[in-house]
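Participant: Sending over a structure as C-alpha cells; questions will come in a sec.
Bear in mind these aren't lab numbers, they're just calculated from the coordinates by the rules spelled out. Keep in mind that this is a model prediction, so the values were computed, not measured. So basically every Cβ, Gly included, is an ideal-geometry build from the backbone, and we count neighbours across all protein chains shown.
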Amino acid sequence: MSGFLQNTFNGLVGGAFYALLALGLAVIFGMLRVVNFAHGALYMLGAFGAYVLLAEAGVPFWAALVIMPLALGLLGMVLERAVIHRLTRLDPLYNFLLTFGLTLILQDLVKSRYGIQSSPYATPTELSGSVDFGLFDFPTYRVFILGFTVLLCVGVWWVLGRTRVGMVVRAATERPELTRAFGIDVGKWVTPVFGFGIALAGLAGVLAAPMRAVNPLMGADLIIVVFAVVVIGGLGSIFGSVAAGFGIGLIQAWGEAYLSDFPIVSQTVVFVVMAAVLLWRPAGLFGREEAPA
Amino acid sequence: MTSAVDTPADAARPAAPSGLVAVARAPGWVRYALLAVGLLVAFWLPNGLYPAVAVDILCWALFAVSVDLLLGFTGLMSFGHAAFWGTSAYVTGLVAIHAGLPFPAAVLAGALAAALLALPIGYLAVKRAGIYFAMVTLAFAQMVYYVANEWRSVTQGENGLQGVPRSFFGADLSDDYYFYYAILPIVLLGLLAAWRIVHSPFGRVLVGIRDNPARARALGYPVHRYKLTAFVLSGFLAGLGGGLFAVGHRFVSLDVLHWTTSGKAVIVVVLGGIGTLWGGVLGAALVVRLEDLLSFSGFEAIGLVTGGIFVLVVLLFRRGIWGSVAALALRWRRRS
C-alpha cells in the first residue's frame with residue numbers, strides 16, 4: 001500500500017511538469033493558434049539559467065524561481081513581437097517550423113557554451129530532507145513541487161475563471177471570431193499571454209533543475225511527450241491539458257514501478273494512450289468537436 | 001467515429017501558387033529542357049562533388065520528395081518521417097548484414113517495412129489534420145525512436161549497426177563513385193514514381209482534398225482512405241531513401257530516427273518549395289552540401305546554422321527556390 005502511494009506521488013510530481021508545460025502550450029495555442037515547439041527549449045533555458053545564476057553569480061534557488069520566469073517571459077514577449085507575430089495570420093504550420101528552428105538555435109547556443117554533459121544543481125537546503133506522512137515519507141523538495149504546481153494551476157484557473165483578462169482569454173480561445181465581433185480587442189492580450197506561457201515553461205525549468213539532469217537537450221525530448229499529452233487532453237481545452245499532464249505522469253510512474261522489467265513501457269505508454277485516444281475521441285478527451293469542415 | 005475534427009483553416013496550404021501549375025503550363029520544350037538539364041546534372045554530380053556527398057544528396061532527394069508528396073500535394077505536414085526513413089535504414093542494414101542479399105533487395109525490404117509501419121501510424125494520424133497531424137506524427141516517430149533505442153539486441157542501441165555491406169552480385173561498389181551510379185537508377189525510379197503519383201487521377205484527388213476536404217468528401221471521395229494511401233506511398237519512398245542511406249554509409253545510427261531528422265526533411269522541402277516536387281531535390285542538394293561544408297570546416301554548432309536557415313526561410317522565403325522561380329516565370333509569361 002505504501003509502495004503504491006509512493007509511486008502515485010511520484011507520478012503526480014512527474015505529471016506536474018507535464019501539466020505546467022501543457023498549460024503554457026494550451027494558453028498560447030488558445031490565444032495565438034501557435035503550437036510553440038520552442039517550449040521545451042525555453043524550459044531548458046529556465047533550468048540552465050538557474051544553474052548559471054547559482055554557479056556563476058551565487059544567486060540562490062528562490063531568487064532564480066522569480067528571476068528566470070520573468071526573464072524568459074520577457075524573452076517570450078520579444079520573440080512574439082519580433083518574429084512569431086509576423087506568421088500568426090498564416091497557416092499555424094509556419095510558426096511550428098519557426099519555433100522548431102528557434103529550438104535548434106537555442107539548444108546549440110547553450111551547447112556550444114556549456115557542452116552537453118549534465119550539470120548538478122543542489123536542492124535548496126530549506127527543502128532538503130523528507131516529510132514524514134506516517135505510512136511513508138517523501139522528499140520535501142518533491143512535496144514542494146507538487147504543492148507549488150497545484151497552487152499555480154488553481155491560481156491560473158482562478159484568473160481565467162474570475163477575472164476580466166481570463167474572460168477575454170477564454171472567449172478568444174473558444175470562439176476567436178465571435179470575440180472580435182463583440183468588439184473586444186483580442187490583439188492587445190496576445191503578447192502578454194505568450195509571455196505568460198513562456199514564463200510557465202521557465203518556471204517548470206527552474207523547478208526541474210534540482211531534480212533532473214540540467215543539460216541542453218533536457219527540453220527537446222520532453223516537449224514531444226508534452227505534445228502527445230496535449231493531443232490526449234485536447235489542446236483547445238486548458239483544463240484538459242492540465243488533467244492529461246497529471247494523468248500521464250501517473251500512468252508513467254505506475255508503468256515504471258510495476259512493469260520495471262520492460263523499461264520501454266514507461267517511455268512509450270504516453271504514445272499508446274495517444275493512439276487509443278485518437279481511435280476513441282480524435283478531438284482529445286476534453287477537446288471540443290469543431291464543426292465538420 | 002467522427003470524420004472531421006479540424007476546421008479547414010487548420011489545413012496546410014501552400015504559401016504560393018503551386019509551382020506545379022507554372023511548370024505544367026510551361027511549353028513542352030521548356031519542360032523537356034528542364035528534364036534534360038536535371039538528368040545531366042544527376043549524371044555529372046559525383047564528378048563535381050565528393051561522391052559520398054553526392055550519394056547523400058540522392059538519398060535526401062527521395063526523402064524530401066516523399067515529404068512533399070504529403071505536405072505539398074495532400075496538405076499534411078508529417079513531422080515524423082524519420083520513423084520511415086530510419087526504420088528502413090535499420091531493416092535494410094539488418095537484411096544486408098544477416099541475409100547477405102544484394103543491396104537493392106535489402107533496400108526494397110527496408111522500404112516495404114517502412115510502408116508497413118506507415119499503415120498504422122497513418123491510420124491514426126489522418127484522423128487529425130493541420131497542426132495536430134504534425135504533432136501526432138512527431139509523437140509516433142519518437143515512440144519508434146525509443147523502441148529502437150531500447151531494443152539493443154537488434155539495433156545495437158547507441159553503437160549503431162556497423163558494417164552494412166554493399167553486396168551486388170560480386171561487383172565491387174566500395175568506391176562511392178561507382179556506388180553513386182549503382183543507386184542512381186533506383187533513385188530516378190523513385191522520383192518517377194512520385195511524379196506519376198502526382199499526375200495520376202489519384203494525385204488530382206489528393207490535391208482536391210488539400211484544397212477543400214469538405215468538397216472532396218461531398219463529392220463522395222473517401223478522404224481518410226486517400227490520405228492514408230498517400231501516407232503509405234510516402235512512407236515507402238522515404239524508406240527507399242533511408243535504405244540507400246544506410247547502405248551508402250555502411251552504418252546506421254540512432255540519428256536516422258531522431259526528431260531533428262524529421263524536421264530537417266520538412267525544411268528541405270520548404271526551402272526547395274512546397275508543392276513543387278523537384279524543389280525538394282534542390283533543397284536536399286543545398287542542405288546536404290552546406291552541412292558537408294560546415295562539418296568539413298570544423299564548425300561545431302551545425303544546429304545554429306540549420307536552425308537559422310529554418311527561421312529565415314520560414315520568415316522570408318516561404319515559396320522556396322522552385323516556387324519563387326516558377327512564380328517569376330509565370331508572371332513573365334503572362335506579361336509577354
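Participant: May I ask you to order A:91-104, B:44-57, B:163-176 by the average number of other C-beta atoms within 10 Å around their residues, highest value first?
Facilitator: Numbers: A:91-104: 25.1, B:44-57: 18.4, B:163-176: 13.9.
By packing density, highest mean first, the sequence is A:91-104, B:44-57, B:163-176.
Participant: Separate question: Compute the Rg/Rh shape ratio of the stretch B:10-335: radius of gyration over Kirkwood radius, all on alpha-carbon atoms.
Facilitator: On the way: Rg = 19.0 Å, Rh = 19.8 Å.
So for the stretch B:10-335, dividing Rg by the Kirkwood Rh gives 0.96.
Participant: Quick check on packing: order A:21-31, B:99-109 by the mean number of other C-beta atoms within 10 Å, highest mean leading. Display every interim value, and only then the final one.
Facilitator: Details: A:21-31: 26.0, B:99-109: 18.8.
Packing order, densest peptide first, comes out as A:21-31, B:99-109.
Participant: Report, as an integer, the average count of C-beta atoms from other chains found within 10 Å of each Cβ along B:296-303. Kindly include the intermediate steps, with their values, before the conclusion.
Facilitator: Numbers: counts 0, 0, 0, 0, 3, 8, 2, 11.
Partner Cβ neighbours, averaged per residue: 3.
Participant: Now, a different point. Determine the equivalent ellipsoid of the stretch B:271-336 by diagonalising the alpha-carbon gyration tensor, then write out the semi-axes as square roots of 5 times the eigenvalues, largest first, rounded to whole Å. Please report the intermediate quantities before stating the final value.
Facilitator: Values: eigenvalues 164, 29, 16 Å².
Three semi-axes, in Å: 29, 12, 9.
Participant: Is the shape of the stretch B:101-249 rounded, prolate or oblate, going by the alpha carbon gyration tensor and its root eigenvalues a ≥ b ≥ c, with a/c under 1.5 for rounded and a/b larger than b/c for prolate? The partial results should precede the final answer.
Facilitator: Working: a/c = 3.29, a/b = 1.54, b/c = 2.13.
Oblate is the answer for the stretch B:101-249, as a/c is 1.5 or above yet b/c matches or exceeds a/b.
Participant: Taking all pairs of distinct Cα atoms, average 1/r, flip it, and tell me the Kirkwood hydrodynamic radius of the protein assembly as shown in Å to one decimal place. Write out the running numbers ahead of the final one.
Facilitator: Details: mean 1/r = 0.0395 Å⁻¹.
Mean inverse Cα-Cα distance, inverted, gives 25.3 Å.
Participant: Now, a different point. Going by amide H atoms built from the backbone, whose H comes under 5 Å of the H on B:Phe251, apart from near neighbours?
Facilitator: Those lying under 5 Å, H to H, from B:Phe251 are B:Val164.
Participant: For peptide A:83-95, compute the average count of partner chain beta-carbon atoms within 10 Å of each residue's beta-carbon.
Facilitator: Details: counts 3, 0, 0, 3, 3, 0, 0, 4, 12, 8, 18, 7, 2.
For peptide A:83-95, the averaged partner shielding equals 5.
Participant: Sticking with this structure for a sec: Report ³J(HN,Hα) in whole Hz for each residue of the stretch B:244-260, in order, from the Karplus equation J = 6.51 cos²θ - 1.76 cosθ + 1.60 where θ = phi - 60°; Gly and Pro get x.
Facilitator: Per-residue couplings from phi come out as 4, 4, 4, 5, x, 8, 6, 6, 10, 10, 4, 3, 5, 9, 6, 5, 5 Hz.
Participant: In terms of Cα to Cα distance under 14 Å, which aspartates and glutamates are near enough to A:Lys188, apart from those fewer than 8 places away along the same chain?
Facilitator: Excluding near neighbours in sequence, the set is A:Glu80.
Participant: If you don't mind, there's one more thing I want to ask. Modelled label-to-label distance, A:Glu126 and A:Asp185, 7 Å Cα→beta-carbon offset: nm?
Facilitator: 4.0
Participant: Once a ≥ b ≥ c are taken as the square roots of the eigenvalues of the Cα gyration tensor of the stretch B:150-220, is the result rounded (a/c under 1.5), prolate (a/b larger than b/c) or oblate (a/b not larger than b/c)? Spell out each step's value before the answer.
Facilitator: Working: a/c = 4.86, a/b = 1.81, b/c = 2.68.
Here the stretch B:150-220 falls in the oblate category.
Participant: Could you tell me the relative contact order of chain B? Use alpha-carbon pairs under 8 Å, at least six residues apart, and round to a whole percent. Spell out each step's value before the answer.
Facilitator: Details: 560 pairs, mean separation 113.4, N = 336.
This gives 34 percent for chain B.
Participant: Right, another one. Once you keep just the Cα pairs under 8 angstrom separated by 6 or more residues, what percentage relative contact order results for chain A?
Facilitator: Details: 428 pairs, mean separation 109.9, N = 293.
Relative contact order here is 38 percent.
Participant: Additional query: Any chance you could check the Cα centroid distance between the stretch B:80-101 and the stretch B:289-330 for me, in angstrom?
Facilitator: If you average the Cα positions of each part, the centres end up 28 Å apart.
Participant: Taking a cut-off of 28 Å between Cα atoms, list the lysines near A:Lys111, but don't count ones fewer than 8 places away on the same chain.
Facilitator: Partners found: B:Lys264.
Participant: Based on the mean of other beta carbon atoms within 10 Å per residue, what is the order of B:64-76, A:154-166, A:105-117, A:237-249, most packed first?
Facilitator: Values: B:64-76: 29.7, A:154-166: 12.8, A:105-117: 16.9, A:237-249: 24.7.
Per-residue mean Cβ counts within 10 Å order the peptides as B:64-76, A:237-249, A:105-117, A:154-166.
Participant: Still on this structure: Enter the mean number of other protein chain beta carbons within 10 Å of the beta carbon of each residue in B:311-319, as an integer. Can you show the working numbers first?
Facilitator: Details: counts 9, 2, 4, 13, 8, 1, 0, 5, 0.
Average neighbour count from other chains, rounded to a whole number: 5.
Participant: Please give the direction-averaged projected area of the C-alpha convex hull for the stretch B:220-268, in square nanometres with one decimal. Please list the in-between numbers first.
Facilitator: Working: hull surface 17.0 nm².
For the stretch B:220-268, the mean projected area of the Cα convex hull comes to 4.2 nm².
Participant: May I ask you to evaluate 6.51 cos²θ - 1.76 cosθ + 1.60, the Karplus curve with θ = phi - 60°, for each residue of the stretch B:61-71 and list the ³J(HN,Hα) values in order in whole Hz, giving x for glycine and proline?
Facilitator: For the stretch B:61-71, the Karplus curve yields 4, 4, 4, 5, 5, 5, 5, 5, 4, 7, 5 Hz.
Participant: Under a 5 Å amide H to amide H cut-off, with H placed in plane at 1.01 Å, what residues pair with A:Val214 once short-range neighbours are removed?
Facilitator: Counting only residues 5 or more places away or on other chains, the set is A:Ser119.
Participant: Between rounded, prolate and oblate, where does the stretch B:203-333 land on the alpha carbon gyration tensor, with a ≥ b ≥ c its root eigenvalues, rounded for a/c under 1.5, else prolate if a/b exceeds b/c?
Facilitator: oblate
Participant: Starting from the 7 Å offset along Cα-to-Cβ, what nm value, one decimal, do you get for the label separation of B:Ser174 and A:Leu217?
Facilitator: 3.3
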